[in-house]
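Student: Below is the structure I would like to discuss, written out as structure tokens.
The values are calculated or read from the model by the stated rules, or taken from the named source; none is laboratory data. Only a predicted model underlies this, so the values are computations on that prediction, with no experimental measurement involved. Reconstructed Cβ throughout: ideal geometry from the backbone, glycine too, with neighbour counts over all protein chains shown.
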Amino acid sequence: MGRLAFAARLLSIIMAAIILLLLSLSYLRNTEPALNTEHNRPPALVRKIQRNGPQTPIEVEQPFALKAPRTDVMLVTPWLAPIIWEGSFDQKLLDATYKPLNFTIGMTLFAVAKYTRFLKPFLESAEKHFMQGYRVNYYIFTDIPEQVPRVELKPGRSVVVFNTVKYSRWQEISLRRMEIINKHIMNKSIREVDYLYCLDVDLIFTNHYGAETFAPLVAVLHPGYFNILRNKFPYERRPESQAYVPKDHGHFYYIAAMFGGTLNNIVDVTAACHQALQVDKVNGIEAAWQEESHLNKYLVTNMPHKILSMEYLCNSEAPTPASVKVCRFSTVKKNHAEIRAQK
């Protein structure tokens, strides 16, 4: 009996050990990272680098931690977003990093009524300076498609025209732009791009405008309000508006003539601004600067990942600040009253 009892006890110990081993293996399988799941996949940028293989090292000027490239301007915001100025980036290094990834860049332009006259100079200047070496899709929204000019485009670049309606007031174009951009992203007419830039058409490129602007969400400092106290910013100050910003809030004032980012972020920006605009409309309120007021309200709490200095939107009718070493994108002289008039 003693031998049988010993054998039974030994068998119980072995079975218990096997059960513990199986439970341990099951736990490890459930807690190990699922390397093939979407959640654990590397970011899109990393995946593109992996697919394109290792990048060839290039010679660049050595940076020094104790030597700032610029000391006359702010280079990083309090939330650690870079502010892009001439001298703060290495164009050669950025192109060597990003061009092999074959990004496609999208750009939305609204050319309604008399604003079609700006399309030709805009597109011609973009072909000289905007995202050189990248694929670019120009998405043009117009009520007069026959006035979209034929401009010679570089390989990999295209113009896509969408019909839109003519509005009774010029402000309506501003009020509806967020809705229209969001709609075309959501219905997949604008889907085949890695970054999307939303620009005004009555502007012109005058110098390099490239990969240094890539970010999930990017905004541009307004050339008229970059060096004043925030209580003087032209934010919407009426509390009843969805665009309301108190006088002691905000960081910078951004211009709505250019903002951009990845599609997901542009969806969020345009959806939030459109919804806020709709609420204001129901309540009989129009924000001081239409979509620009709502964009600035959004960016107060959803700070951009990167900010472009006034180099990226200069005012051609005002003195150039000493801090602006290069003007890359500029307003053009025009008769605002004549352009905005219905006849």
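Student: Report, by residue number, each residue of region 301-343 that is within 23 Å of the chain's Cα centre (by Cα) and small (Gly, Ala, Ser).
Tutor: Those that are within 23 Å of the chain's Cα centre (by Cα) and small (Gly, Ala, Ser): Ser309, Ser330.
Student: Here is a further query. Here are Leu175, Leu153: which of them is of a type in the set (A, V, I, L, M), buried (at least 18 other Cβ atoms within 10 Å of the Cβ) and out of contact with any Cys (no Cβ under 7 Å at 6 or more places or on another chain)?
Tutor: After applying the criteria, what remains is Leu175.
Student: Using beta carbons and a limit of 9 Å, which pairs, at least six apart or on different chains, have the first residue in region 325-337 and small (Gly, Ala, Ser) and the second one modelled with pLDDT of 85 or more and assigned to a strand (DSSP E or B)?
Tutor: Correct list of pairs: Ser330/Leu203; Ser330/Ile204; Ser330/Phe205; Ser330/Cys314.
Student: Exactly one condition in (1) over 17 Å from the mean Cα position of the chain (by Cα); (2) assigned to a helix (DSSP H, G or I); (3) among the charged types (D, E, K, R) is false for Lys297; which is it?
Tutor: Answer for Lys297: the failing condition is (1).
Student: Determine whether region 264-271 contains at least one residue that is among the β-branched types (Val, Ile, Thr), surrounded by fewer than 19 Cβ atoms within 10 Å (Cβ to Cβ) and modelled with pLDDT under 95.
Tutor: no
Student: Looking only at region 115-131, count every residue that is farther than 20 Å from Arg328 by Cβ and surrounded by 19 or more Cβ atoms within 10 Å (Cβ to Cβ) and tell me the total.
Tutor: Final tally of qualifying residues: 2.
Student: Looking at region 189-212, which of its residues are touching a strand residue (DSSP E or B) at 6+ places or on another chain (Cβ under 6 Å) and of a type in the set (S, T, N, Q)?
Tutor: Thr206
Student: Okay, moving on. Restrict the check to region 226-235 and report whether at least one residue is touching an Asp or Glu at 6+ places or on another chain (Cβ under 9 Å), surrounded by 13 or more Cβ atoms within 10 Å (Cβ to Cβ) and without any contact (Cβ under 8 Å) to a residue 60 or more places away in the chain.
Tutor: Yes, because at least one residue in region 226-235 is touching an Asp or Glu at 6+ places or on another chain (Cβ under 9 Å), surrounded by 13 or more Cβ atoms within 10 Å (Cβ to Cβ) and without any contact (Cβ under 8 Å) to a residue 60 or more places away in the chain.
Student: Assigned to a helix (DSSP H, G or I) and in contact with a strand residue (DSSP E or B) (Cβ under 8 Å, 6 or more places away or on another chain) - does that describe any residue in region 312-329?
Tutor: Looking for residues that are assigned to a helix (DSSP H, G or I) and in contact with a strand residue (DSSP E or B) (Cβ under 8 Å, 6 or more places away or on another chain), one finds at least one in region 312-329, hence yes.
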